[in-house]
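The values are calculated or read from the model by the stated rules, or taken from the named source; none is laboratory data. The model shown is predicted, which means the values in this text are computed figures rather than measured ones. All Cβ positions, glycine included, derive from the backbone under ideal geometry; neighbour counts span all protein chains shown. Just the protein is used for accessible areas: all its heavy atoms, side chains included, with ligands, DNA and RNA removed. Shrake-Rupley method; radii C 1.70, N 1.55, O 1.52, S 1.80 Å.
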Amino acid sequence: MSTPRFLNLPTGVRRTTLETSRGPFAALEALPGSGVSERCPALLVPGFTGSKEDFLAVLQPLAASGRRVVAIDMRGQYETAGPGDPAEYGRSSLGEDVTALLDALGTDPVHVVGHSFGGLVTRESVLCDRIRPASYTLMGSGPAAISGPTGTRAAALRDALPELGMPTIWEISMEPELIARGVPLEIVAFLKRRMLGTSEAGLVGMAGELLTAPDRTDELAKHCADTGLRTLVLYGEDDDAWPPETQSAMAERLGADRVVIPSAAHSPAVEAPETTAGALIDFWNQAERALG
């Protein structure tokens, strides 16, 4: 679970709602200090159990590079409503939502960033071949279904939810763990609001997708080669979800740029925001120069 280190909105960041052909999505939006966007915008998509707040620490520096930057809650996450059927949270449906969000951001090509499960979702949108992103970044994401300790926790949550419900799971497991880690109480309170505000059906459906996603790396590599789409694989040196060596191998298969963030694990935008923002800005600038 990504755990933001602060909750106050930085200067130039505001809460908003993006209206799309597939419904409204809660968002955080950051604009350059001048209010004028001179470069391609960016869309940031969070992971399983995450939300737009996972990007709070990078929104202002990213926007200061001359861009409109938007982070969203996916359907059923925190402040975006979602259906009550777990089957409605498949990667394909969620990818359609991303495509609709990109359409809503305007006619300029958009830099797409998918964190963790958000990487598997945005991959579906990129491969649908109806959009032409300015660039594509997989942040702390992998080529296929997750395994290891994080996968075990996702499976446990998926299996326990129908029987226990989120309030009980939060009370007996999640909250005590956060308090034991020394997470500030105001952050714990936010994480409680987020978790209890997230659709239980969405958590079950997304967990199932996270645990069964196929490897589509070769398809993505061909798509990038055919379209010239610049791709970045960015991850923390201590990532405890998909192992760093797995993400490195994926980058090689994709022919993608690769950035390893020091002193970061699975949530580099939280754990090393300055380094992460700098890496994204450098990559986006290079991609835009290639676009001409």
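Considering A279, A290, A221, which residue is buried (at least 18 other Cβ atoms within 10 Å of the Cβ), part of a helix (DSSP H, G or I) and not aromatic (F, W, Y)?
The unique qualifying residue is A279.
Just checking, which of A64, A27, A71 is of a type in the set (A, V, I, L, M) and within 24 Å of A144 (Cα to Cα)?
A71
From the list V233, V188, pick out the single residue that is touching a helix residue (DSSP H, G or I) at 6+ places or on another chain (Cβ under 6 Å), assigned to a helix (DSSP H, G or I) and either closer than 16 Å to R123 by Cα or of a type in the set (V, I, T) (or both).
Going through V233, V188 in turn, just one is touching a helix residue (DSSP H, G or I) at 6+ places or on another chain (Cβ under 6 Å), assigned to a helix (DSSP H, G or I) and either closer than 16 Å to R123 by Cα or of a type in the set (V, I, T) (or both): V188.
Kindly establish whether S199 is polar (S, T, N, Q) and in contact (Cβ under 8 Å) with a residue 60 or more places away in the chain.
The answer is yes for S199.
Step by step: first the residues of the range 45-74, then only those that are closer than 25 Å to S199 by Cβ and either part of a loop (DSSP other than H, G, I, E, B) or in contact with a Cys (Cβ under 8 Å, 6 or more places away or on another chain) (or both), then the one that is most open to solvent (accessible area, probe 1.4 Å). Which residue is that?
Among them, the one singled out is F48.
Can you say whether P167 is in a helix (DSSP H, G or I), surrounded by fewer than 18 Cβ atoms within 10 Å (Cβ to Cβ), modelled with pLDDT of 95 or more and out of contact with any His (no Cβ under 9 Å at 6 or more places or on another chain), as far as the supplied structure shows?
yes
I'm checking my understanding of the structure. Among residues of the range 236-256 that are hydrophobic (A, V, I, L, M, F, W, C) and assigned to a loop (DSSP other than H, G, I, E, B), which one is farthest from G47 (Cα to Cα)?
A256
Restricting to the range 75-97, and then to whatever is of a type in the set (G, A, S) and touching a residue at least 40 places away in the same chain (Cβ under 8 Å), can you tell me which residue is surrounded by the most Cβ atoms within 10 Å (Cβ to Cβ)?
G76
Looking at S141, S125, S199, which is the one that is over 29 Å from I261 (Cα atoms), at pLDDT 95 or above and either open to solvent by less than 60 Å² (accessible area, probe 1.4 Å) or in contact with a Leu (Cβ under 9 Å, 6 or more places away or on another chain) (or both)?
Residue meeting the stated conditions: S199.
Would you call V13 open to solvent by less than 10 Å² (accessible area, probe 1.4 Å), on the phi < 0 side of the Ramachandran plot and β-branched (V, I, T)?
Spelling it out, it is not the case that V13 is open to solvent by less than 10 Å² (accessible area, probe 1.4 Å), on the phi < 0 side of the Ramachandran plot and β-branched (V, I, T).
Just the residues that are in a strand (DSSP E or B) and either open to solvent by 90 Å² or more (accessible area, probe 1.4 Å) or not charged (D, E, K, R) (or both), please, taken from the range 18-40.
The answer is L18, E19, T20, G23, P24, F25, A26, A27, L28, A30.
Just name the residue that is nearest to T231 (Cα to Cα) out of those in the range 101-138 that are hydrophobic (A, V, I, L, M, F, W, C) and not in a helix (DSSP H, G or I).
Here the residue is L138.
Quick check on S248: is it closer than 24 Å to R153 by Cβ and touching a helix residue (DSSP H, G or I) at 6+ places or on another chain (Cβ under 7 Å)?
No, not satisfied.
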